[in-house]
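A short reminder: the numbers here are calculations on the coordinates, not readings from a lab. In this text the structure is predicted, and so the values were computed from the model without any measurement. Please note: Cβ atoms are built from the backbone with ideal geometry, for glycine as well, and neighbour counts cover all protein chains shown.
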Amino acid sequence: MLDDRSLKKIKEISSKYKSKVYFDHSLKSHTTIMVGGSALLWHEPVSLEELREMREFLEHTGIAVFVIGNGSNVLIPDEGVNRAVVSLSNKNFRGVSSCGLKLTAGAGAKLSEIISYCSENSLSGFEGMVGIPATLGGALRINASHKCAISDYLESVKLLLKNGKVESVGKKDIKFGYRYSSIDKGAVIVEAVFSLGKDRPAVIKERAREYFTEKLAKQPLEKNTLGCVFKNFSDGKRSSGELIDKAGLKGAAFGDAYVSEKHANFIVNRKCANAKDVINLIKHVREKVEEKFAVKLETEIEII
C-alpha cells in the first residue's frame, strides 16, 4: 500500500516527464501466457533520467522495482505483486540504429523489430533469434538462443546500476552460459551494441523465414504460453521436452492450463487459466518426470 506522500511524489515525477504511471495495474495482458494479478504500480519511463529518479525514490521508500520485458518467461501470481513494475516500452528505449556493422538497440526493442531492421540494412546474425517473443533486455538477461545465442554477437551492454550510475560493460566482463548471464540483477539493462555480419537483405529474410517455419512446426508459437518452461540439460543428450513426452504428459492439464501436444516443454493457457493452474501443472510435471527418470527438472521461467 502506498501512503499519500509516496503517491504524490510518484505522480510528481511522472508529471514532470509526461510519462505513464498506473496504480493497482493488471499484469495479465503484459505476459504472453495471459495470467496473473496486479502490480502495486506500473511505470513506463520516457527517459533514462526519469528511470533513475523514479527507481531511486521507490527503492528509498522500500518499494521493490521489477523490470519486465515482453513477459514471455514470467509467471505472475494470481494475488499480484507488491512491487513497482517498470516497462521500457517507450520509443526512447526501443531505438535501433547502426554504423557500418555495429548495431545499437534499446533494451525495450522487441527481437522481431531488431530482426526486421537488420534485414532491411544488410546486417546478418540476428535472424538466428527469430521466433523468440522477447525484448532485447529480457533476452540478454537470460542469454536467449535459437540458431545462435544473443551473446554471440554482443560487444557491450549499457547498464543503469543500483547506485544510479550508468556504465558500459564489455562482453569480456560478462559471463554467459545456457540461459544464464552474470549481468548484475540489481542493474537495469538500457541498451546494447552488437558486431554483426553483412549479407543481402533477400538472403537474410529468406534465412529468417526458414528458421521461423522450422520453429513454428515444432513449437506452439501461436498459443498463449510462457515459452519453454524447463531448462534443457547441459550434456545436450536429452531435452526436458523429450522426458516430459516420454512420461506421457502431453495434454496433461490443471484447469485451463495444459501441456502442449506440439512441444511438451510448453504450457498453454487454453482460455481462462490462472497462475495457480500453471504452478500446479509445473509441479505435477516435475514430480512425474522425477518419478520415472530420477531427474529433477529446473524451471527456465521466472516465477515472481
>> Compute the orientation-averaged projected area for region 220-303 from the convex hull of its Cα atoms and round it to one decimal in nm².
In response: 5.1 nm²
>> About the Cα centre, and with charges only on the beta carbon of Lys, Arg (+1) and Asp, Glu (-1), how big is the dipole of region 129-189? Nearest 20 debye, please.
In response: 140 debye
> In sequence order, what are the phi-derived ³J(HN,Hα) couplings for region 117-133 according to the Karplus relation 6.51 cos²θ - 1.76 cosθ + 1.60 with θ = phi - 60°, rounded to whole Hz, with x for glycine and proline?
Replying inline: 4, 4, 5, 6, 10, 6, 9, 10, x, 6, 4, x, 9, 4, x, 8, x
>> Using a Cα-Cα cut-off of under 24 Å, which lysines could be cross-linked to Lys237, ignoring same-chain neighbours fewer than 8 residues away?
In response: Lys147, Lys175, Lys215, Lys218, Lys246, Lys250, Lys262, Lys283, Lys288, Lys292, Lys296
> If you find the alpha carbon centre of region 159-218 and of region 31-46, how far apart are they in angstrom?
Replying inline: 23 Å
> When the Karplus curve 6.51 cos²θ - 1.76 cosθ + 1.60 is applied with θ = phi - 60°, which whole-Hz ³J(HN,Hα) does each residue of region 166-179 get, with x for Gly and Pro?
Replying inline: 9, 9, 9, 10, x, 4, 5, 9, 10, 8, 10, x, 5, 6
> How high is the relative contact order of the chain, in percent, counting Cα pairs under 8 Å that sit 6 or more residues apart?
Replying inline: 16 percent
> Projected area of region 94-203, taken from the Cα convex hull and averaged over every viewing direction, in nm²?
Replying inline: 6.3 nm²
>> From the P(r) of region 69-148, could you give the percentage of C-alpha pairs in the tail past 17 Å?
In response: 49 percent
>> Past the 34 angstrom mark, what percentage of all C-alpha to C-alpha distances in the chain do you count?
In response: 25 percent
>> Charges at C-beta only: +1 for Lys and Arg, -1 for Asp and Glu. How large is the resulting dipole of the chain about its Cα centre, in Debye rounded to 20?
In response: 280 debye
> How big is the charge dipole of region 75-168 about its Cα centre, in debye rounded to the nearest 20, if each Lys and Arg gets +1 on its Cβ and each Asp and Glu gets -1 on its Cβ?
Replying inline: 300 debye
> What number, rounded to the nearest 500 deg cm²/dmol, is the helix-based mean residue ellipticity at 222 nm of the chain, given -39500 (n - 2.57) per DSSP H run of at least four residues and division by all its residues?
Replying inline: -9000 deg cm²/dmol
>> Positive end of the dipole of the chain, charges at C-beta (+1 Lys, Arg; -1 Asp, Glu), about the Cα centre: which of Val203, Ala109, Val157 has its Cα farthest in that direction?
In response: Val203
> Among Gly138, Phe176, Ile301, whose Cα lies farthest out toward the positive end of the dipole of the chain, if unit charges sit on the beta carbon of Lys, Arg (+1) and Asp, Glu (-1)?
Replying inline: Phe176
>> Name the residue from Leu7, Ala64, Asn265 whose Cα lies farthest towards the positive end of the charge dipole of the chain, charges +1 on Cβ of Lys and Arg and -1 on Cβ of Asp and Glu.
In response: Asn265
>> Please report the antiparallel percentage of the DSSP beta bridges confined to region 4-91, to the nearest 5.
In response: 45 percent
